[in-house]
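The structure appears right after this line, and notes come after that.
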Amino acid sequence: MATMSYIQAITDALRTQLKSDDKTLIFGEDVGKNGGVFRATDGLQAEFGEDRVFDTPLAESGIIGLSTGLALQGFRPIPEIQFFGFVFEAMDQIAGQLSRTRYRTNGTVNVPVTIRSPFGGGTHTPEMHADSLEAMVASVPGLRVVTPSNPYDAKGLLISSIKNNDPVIFLENLKLYRSMKADVPEGEYEVPLDKANVVREGSDLTIIAYSAEVNESLKVAEKLEKEGKSVEVVDLRSLAPIDFETIVKSAEKTHRVLVVQEAQRLAGVASKVVSEISERAILALDAPIGRISAPDTIYPFGLAEDDWLPNADDIEAKAREILEFN
Amino acid sequence: MSEVKFVDFVAKKNELQEKVEPLQVVNGKGEIVNQAVFDKYSDEDLVKFMKLMVWERTLHQRSNALTRQGRLGFYAPTEGQEASGMGSQLAFKSTDFMLPAYRDIPQLIQHGLPIWKAFLWSRGHVLGNDYTDENVQALAPQIIIGAQYIETAGVALGLKKNKTKDTVAFTYTGDGGTSQGDFYEGINFAGAFQVPAVFFIQNNGYAISVPRHVQTAAVTLAQKGMAAGIPYVQVDGMDFLAVYETAKAAREYAAAGNGPVLIETLTFRFGPHTNAGDDPKRYRSPEEEQPWFDNDPLIRYRKILTDKGLWSEEIEASYVDEVKDEIKAAIKKADEAPKQKISEFLENVFEVPTPEVAEQIKAFKAKEAK
């Protein structure tokens with residue numbers, strides 16, 4: 001065990017995979033000598049050489065198209081999109097090309113590409129750096145979307161993503177990069193990609209969240225516990241697929257559900273979770289399912305960020321409303 | 001104070017307008033304009049080249065008819081582009097990796113895809129894209145204009161990293177494709193990484209209805225290679241030998257580790273964009289079309305070969321019959337393809353079906369069993 005920040009856990013995961021599989025390649029903008037603008041790939045080029053870890057020209061569509069081509073030649077590319085807000089540049093190469101390759105070749109060609117990218121608000125970035133665009137990729141058949149909420153999961157889920165033969169969008173939470181530290185096992189371990197995680201058990205209410213909102217939800221659970229309310233918190237971990245078995249089981253246990261996302265309320269991951277529970281477990285519920293999300297504006301200007309992002313206070317208020325519903 | 005010009009943009013613009021003559025071996029009148037290159041090829045070679053063009057023309061004619069009869073689905077006519085398509089593809093080995101677009105089906109077939117599978121692709125059947133049995137080194141035809149250019153850079157980088165000997169990636173787009181960002185990103189990545197790739201622009205004058213001059217102010221499309229730092233050339237796309245000779249040199253150059261090449265072939269699509277309702281009369285005049293029809297690559301090579309006593313109407317007719325039989329057999333085989341199942345499509349989405357997909361597979365299997 002070693003204490004690692006969220007981003008150190010990611011670097012460590014990348015190192016294990018560069019070591020264990022010589023077909024893995026890391027590339028993108030500034031990932032080489034500079035070690036990434038957040039240092040996620042720090043030291044990897046020096047350790048593994050420019051053939052395995054390299055900078056590319058500055059073009060997101062090019063980076064993903066390159067990945068598909070390399071995968072066709074037997075490589076296991078791990079490209080980086082420097083900020084997920086830049087993904088619009090690469091949407092055809094992701095949703096029109098990469099994600100369809102296995103399907104359109106009759107299941108004969110796998111493209112094991114893991115696209116890493118930071119996302120999420122709270123760090124006062126310029127425009128197009130913090131948007132929660134996960135629903136856009138989670139609605140593409142053939143793509144997996146993974147969103148770790150802590151260092152242990154970040155490392156284990158990244159290793160699983162790289163080893164998996166499907167294309168994965170691996171979304172790293174920008175705010176958690178350095179603000180969160182935890183004990184992380186050394187060496188290789190996997191966290192399953194299809195499994196949500198009950199991070200806290202409870203019996204009165206289930207809060208379902210992912211990425212940074214898991215930590216906000218845990219704060220609420222701790223606060224309510226002091227008042228004798230037992231709150232279960234489920235971390236989705238994967239947004240595509242969503243582990244409906246775990247969330248339905250939890251809903252049937254607590255009978256009250258709140259779903260939390262940082263993204264806007266518009267068609268999104270929370271809507272999908274609400275739908276699954278509605279279809280599969282509505283008769284087990286004692287209250288309408290609640291939903292916390294950001295308002296339906298474009299991601300706000302930096303100074304207004306704190307007023308816009310859903311936080312523990314918003315979650316707590318909604319949680320109380322659901323708990324009190326009769 | 002006198003007018004001292006530090007930089008003269010008018011002069012610079014004029015420099016950019018300088019006309020380039022495309023490479024040629026046999027001109028539109030069927031005259032040999034490069035005897036040294038022409039003499040490199042034997043009579044057998046010339047017959048082989050002629051047959052390839054007649055093969056593509058016949059495939060086109062039959063595909064056209066089969067589409068009208070409802071026996072094929074999507075079809076993008078290739079008539080007029082035989083020298084460009086066949087002349088380029090012939091320069092490559094079956095171990096080279098091809099990334100075709102939807103009008104490049106004849107090249108894909110010559111690269112190893114059985115005609116019956118090409119027909120299945122046209123009809124909309126997944127087996128048309130399953131290349132495992134024949135080990136065709138290609139990606140299924142691209143629909144999104146230009147996207148294949150980047151993937152080509154990736155495949156070629158993979159070949160380079162794997163140190164695969166004497167192997168290149170090659171791809172095609174049209175004149176419209178050169179306006180896409182992916183076109184530029186593809187040639188630029190290929191140049192930056194110095195990968196073994198050959199990029200073809202088959203400039204047939206129109207992107208559906210939009211003429212070449214609307215796409216760009218550049219005098220040639222080939223010169224776009226200059227910005228990426230890769231060698232480029234424009235070639236007469238109605239001249240089989242010019243295309244073949246250029247493609248061969250490009251392949252040799254790329255395979256030797258020198259980096260990528262960009263080739264523009266000047267050609268013309270005699271027919272519509274696709275058989276789904278496009279009418280070229282809406283955007284092309286007969287005055288514009290006629291010189292291109294006269295410039296038919298088959299006409300000029302028929303003349304050369306006939307003069308040499310290598311070709312005749314009878315030889316051509318008998319070869320066309322052979323090709324027609326081949327196509328007939330392919331249609332028959334395509335007709336035998338199994339009905340597609342949605343449950344199988346679902347199985348192809350992920351390597352291991354996710355729980356939700358597994359639920360859907362179960363539901364569709366139950367439906368399909370009825």
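The values are calculated or read from the model by the stated rules, or taken from the named source; none is laboratory data. For clarity, every value in this text was computed on a predicted model and none was experimentally measured. Cβ coordinates were reconstructed from backbone atoms using ideal geometry, including for glycine residues, and neighbour counts include every protein chain displayed.
Does B:S343 meet the test of being in a helix (DSSP H, G or I) and more than 24 Å from B:A83 (Cα to Cα)? When the stated conditions are applied, B:S343 passes them.
The residues on offer are A:K155, A:K195, and the sole one that is within 12 Å of chain B (Cβ to nearest Cβ) and not β-branched (V, I, T) is A:K195. Residues that are out of contact with any strand residue (DSSP E or B) (no Cβ under 7 Å at 6 or more places or on another chain) and among the hydrophobic types (A, V, I, L, M, F, W, C) within segment A:286-325 comprise A:A287, A:I298, A:F301, A:L303, A:A304, A:A312, A:A317, A:F325, listed in sequence order.
Meeting the requirement of 1 or more residues that are surrounded by 24 or more Cβ atoms within 10 Å (Cβ to Cβ), touching a residue at least 24 places away in the same chain (Cβ under 8 Å) and under 15 Å from the mean Cα position of the chain (by Cα), the helices (runs of 4 or more DSSP H) wholly within segment A:94-170 are A:134-138, A:151-163. Can you tell me which residues in segment B:128-143 are of a type outside the set (D, E) and surrounded by 17 or more Cβ atoms within 10 Å (Cβ to Cβ)? Those that are of a type outside the set (D, E) and surrounded by 17 or more Cβ atoms within 10 Å (Cβ to Cβ): B:G128, B:N129, B:Y131, B:V136, B:Q137, B:A138, B:L139, B:A140, B:P141, B:Q142. When segment A:90-100 is filtered for residues that are of a type outside the set (D, E, K, R) and facing another protein chain (nearest Cβ under 8 Å), the ones remaining, listed by number, are A:Q93, A:G96, A:Q97.
Listed by first and then second residue, the pairs linking a residue in segment B:160-187 that is in the same structural domain as B:A247 (by the TED database) and surrounded by fewer than 24 Cβ atoms within 10 Å (Cβ to Cβ) to a residue that is basic (K, R) and part of a loop (DSSP other than H, G, I, E, B), with Cβ atoms under 8 Å apart and 6 or more places separating them unless they lie on different chains, are B:D166/B:K93; B:T167/B:K93.
Filtered by the rule that a residue be within 14 Å of another protein chain (Cβ to nearest Cβ) and surrounded by 15 or more Cβ atoms within 10 Å (Cβ to Cβ), segment A:246-279 gives A:T246, A:I247, A:V248, A:K249, A:V269, A:K272, A:V273, A:E276, A:I277. What helices (runs of 4 or more DSSP H) completely inside segment B:1-97 contain at least 3 residues that are surrounded by fewer than 19 Cβ atoms within 10 Å (Cβ to Cβ)? Filter on segment B:1-97 gives B:9-16, B:35-38, B:43-68.
Checked across segment A:207-228, the condition of being among the charged types (D, E, K, R) and within 14 Å of chain B (Cβ to nearest Cβ) holds for no residue.
Pairs linking a residue in segment B:353-370 that is over 22 Å from A:L239 (Cα atoms) to a residue that is at pLDDT 95 or above and surrounded by 15 or more Cβ atoms within 10 Å (Cβ to Cβ), with Cβ atoms under 8 Å and 6 or more positions apart or on different chains, are B:F364/B:K341; B:F364/B:S343; B:F364/B:L346; B:K365/B:S343; B:E368/B:K341; B:E368/B:S343. Considering (1) within 7 Å of another protein chain (Cβ to nearest Cβ); (2) more than 16 Å from A:V109 (Cβ to Cβ); (3) crowded, with 23+ Cβ neighbours inside 10 Å, the lone condition that A:D51 does not fulfil carries the number (3). Scoring B:A118 on the criteria (1) at the interface with chain A (Cβ under 9 Å from one of its Cβ atoms); (2) among the aliphatic types (A, V, I, L, M); (3) surrounded by fewer than 24 Cβ atoms within 10 Å (Cβ to Cβ) leaves a single failure, condition (1).
Is one or more of the residues making up segment B:291-305 in a strand (DSSP E or B) and in contact with a strand residue (DSSP E or B) (Cβ under 9 Å, 6 or more places away or on another chain)? No: zero hits. Here B:A249 qualifies as surrounded by fewer than 24 Cβ atoms within 10 Å (Cβ to Cβ) and at pLDDT 95 or above. Going by the conditions given, is B:T306 farther than 30 Å from B:R212 by Cα and not assigned by the TED database to the domain that holds B:D45? No; evaluated as a whole, the condition is false for this residue. Identify all residues within segment B:121-170 that are more than 7 Å from chain A (Cβ to nearest Cβ), assigned to a loop (DSSP other than H, G, I, E, B), within 30 Å of A:E50 (Cβ to Cβ) and in contact with a strand residue (DSSP E or B) (Cβ under 9 Å, 6 or more places away or on another chain); write none if there are none. B:Q137, B:G146, B:T167, B:V168 - these are the residues of segment B:121-170 that are more than 7 Å from chain A (Cβ to nearest Cβ), assigned to a loop (DSSP other than H, G, I, E, B), within 30 Å of A:E50 (Cβ to Cβ) and in contact with a strand residue (DSSP E or B) (Cβ under 9 Å, 6 or more places away or on another chain). Going by the conditions given, is A:K226 within 22 Å of A:N173 (Cα to Cα) and free of Cβ contacts under 8 Å to residues at least 60 places away in the same chain? In short, no.
The numbered conditions (1) of a type outside the set (D, E, K, R); (2) surrounded by fewer than 19 Cβ atoms within 10 Å (Cβ to Cβ); (3) not in a helix (DSSP H, G or I) are all true for B:W311 except (2). For segment A:67-89, taking the residues that are in contact with a Gly (Cβ under 6 Å, 6 or more places away or on another chain) and under 10 Å from A:G28 (Cα atoms), the one that is nearest to the other protein chains (Cβ to nearest Cβ) is identified as A:P79.
Just so you know, in segment A:54-82 the residues that are over 24 Å from B:F97 (Cβ atoms), in contact (Cβ under 8 Å) with a residue 40 or more places away in the chain and not charged (D, E, K, R) include one that is surrounded by the fewest Cβ atoms within 10 Å (Cβ to Cβ), and it is A:Q82.
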